[in-house]
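See below for the structure under consideration.
Nothing in this text is a laboratory measurement; each read-out follows from the coordinates by a stated rule. Bear in mind that the values here come from a model prediction, so they are computed numbers and not experimental data. Cβ atoms come from the backbone with ideal geometry, glycine included; neighbour counts cover every protein chain shown.
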Amino acid sequence: MKGLPSKWFFIFKSLIIGIFFLRLTLKYQKIIDWIQNIHWHFFEYQVNQLEHQYLNLILEILRF
């Protein structure tokens, strides 16, 4: 009968550790998504800036 509580305690402990690691990885995944989102927006902004510069260049050429 003494072996039973320690087994349940081990199961309970491993469950808590598993939930903790799951929450940690989910949090890290959110942070990684957030960083990739910012990076993508920055890249999009740079592309838009480049397009803007090219459009201005074409307009300048067309003016002559």
Q) Along the positive direction of the dipole of the chain (beta-carbon charges: Lys, Arg +1; Asp, Glu -1; about the Cα centre), which of TRP34, TYR54, ILE16 reaches farthest? A) ILE16
**Q.** Within a Gaussian network of the chain (alpha carbon springs, distance under 10 Å), most fluctuating of ILE11, ILE32, ILE19
**A.** ILE11
Q.
So if I place +1 on the C-beta of Lys and Arg and -1 on the C-beta of Asp and Glu, and nothing else carries charge, what would the dipole magnitude of the chain be about its Cα centre? I want it in debye, nearest 20.
A. 880 debye
**Q.** When the chain is reduced to its Cα atoms, the Kirkwood hydrodynamic radius in Å
**A.** 16.6 Å
Q: For the chain, find the longest principal axis of its Cα atoms and tell me its angle to the long axis of helix 3-63, 0 to 90°, nearest 10.
A: 0 degrees
